[in-house]
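**Q** Handing you this structure, nothing more for now.
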Amino acid sequence: KMLKNINLTEDLEKYIINHSEKLHPVQEELLKGNEKLGDMKKMQISIVQAYFLQFIIKTMNVKSILEIGTFTGFSSLSMGLSLPKDGRLVTIDKNEKTSVIAQNFFNKANLSKIIKPILNQALDALHDLKKANNTFDLIFIDADKENYKIYYDKSLDLLKKNGLLIIDNVLWKGEVSDKTKEDKFTNIIRDFNNYIKYDKRVNQIILPLGDGLSICTKK
């Protein structure tokens, strides 16, 4: 019998947060703001995922990041705060309303020189970044699931050798392993996970953080 993973309850998550690096005041303010967004709030990454991204950036000397899917900016803010002064983060989103909220928080955290938001359709923005010969140390994908495969392929083109590609929501509330679930989005994620599994261009693992993170390194 396989050893069970620990069940991450709300209390246990609070314990983890209390025994990890203190969140920046602007991160805390943004999280409070997101609480008021109702169902939309689920688009935000978890605090434990934010800690993980911050830790990776600091320990792996990441200088340049691309993010696909900004929402209100919690993930961008978390990653931006971990970058060195000469670091840069490009974040893409097509939603004007949430992008304005995000920009406000970037300004509050004095990150407007480091974080460059692009308000555009992701595929168009990725095309422009490639055309301008941009490359990145780390790319984080957390956007519309229908285009995950295309975002993944286009991201690999923009990723430096040995760079990190991290994709959110790959466990889809745990439904990917539930044989009774045959809805569109569960199948999209299953298909995507299989696609990466057999992709010879990367080394890859799935970590059960938040809604599941795929961590890939470009060979």
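The values are calculated or read from the model by the stated rules, or taken from the named source; none is laboratory data. Computed from a predicted structure; not experimentally measured. All Cβ positions, glycine included, derive from the backbone under ideal geometry; neighbour counts span all protein chains shown. What goes into the accessible areas is simple: the full protein's heavy atoms, side chains included, and nothing from ligands, DNA or RNA. Shrake-Rupley method; radii C 1.70, N 1.55, O 1.52, S 1.80 Å.
**Q** What single numbered condition from (1) under 19 Å from the mean Cα position of the chain (by Cα); (2) in a helix (DSSP H, G or I) fails to hold for residue 89?
**A** So residue 89 meets the others, but not (2).
**Q** In region 143-161, is there at least one residue being of a type in the set (Val, Ile, Thr) and over 18 Å from residue 57 (Cβ atoms)?
**A** Among the residues of region 143-161, at least one is of a type in the set (Val, Ile, Thr) and over 18 Å from residue 57 (Cβ atoms), which makes the answer yes.
**Q** Mind listing whichever residues of region 103-135 are open to solvent by 70 Å² or more (accessible area, probe 1.4 Å) and either in contact (Cβ under 8 Å) with a residue 24 or more places away in the chain or part of a helix (DSSP H, G or I) (or both)?
**A** The answer is 104, 107, 108, 116, 119, 121, 124, 127, 128, 130, 131.
**Q** Another question about this same structure. Please verify whether residue 92 is buried (at least 23 other Cβ atoms within 10 Å of the Cβ) and either of a type in the set (A, V, I, L, M, F, W, C) or without any contact (Cβ under 8 Å) to a residue 24 or more places away in the chain (or both), treating the condition exactly as stated.
**A** It is true that residue 92 is buried (at least 23 other Cβ atoms within 10 Å of the Cβ) and either of a type in the set (A, V, I, L, M, F, W, C) or without any contact (Cβ under 8 Å) to a residue 24 or more places away in the chain (or both).
Here's the yes/no breakdown for (1) at positive phi; (2) modelled with pLDDT of 95 or more; (3) β-branched (Val, Ile, Thr); (4) touching a Cys at 6+ places or on another chain (Cβ under 7 Å):
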residue	(1), (2), (3), (4)
89	no, yes, no, no
92	no, yes, yes, no
104	no, yes, no, no
119	no, yes, no, no
136	no, yes, no, no
163	no, yes, no, no
172	yes, yes, no, no
179	no, no, no, no
189	no, yes, yes, no
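**Q** Name every residue in region 13-59 that is open to solvent by 60 Å² or more (accessible area, probe 1.4 Å), within 21 Å of residue 168 (Cα to Cα) and at pLDDT 95 or above, in order of residue number.
**A** Correct list: 55, 58, 59.
**Q** So, one more: Looking only at region 180-219, count how many residues are more than 25 Å from residue 43 (Cα to Cα), part of a loop (DSSP other than H, G, I, E, B) and either open to solvent by less than 80 Å² (accessible area, probe 1.4 Å) or without any contact (Cβ under 8 Å) to a residue 12 or more places away in the chain (or both).
**A** Summing the residues that are more than 25 Å from residue 43 (Cα to Cα), part of a loop (DSSP other than H, G, I, E, B) and either open to solvent by less than 80 Å² (accessible area, probe 1.4 Å) or without any contact (Cβ under 8 Å) to a residue 12 or more places away in the chain (or both) in region 180-219 gives 2.
**Q** Hey, among the residues in region 147-177 that are under 17 Å from residue 129 (Cβ atoms) and of a type in the set (Asp, Glu), which one's surrounded by the fewest Cβ atoms within 10 Å (Cβ to Cβ)?
**A** 157
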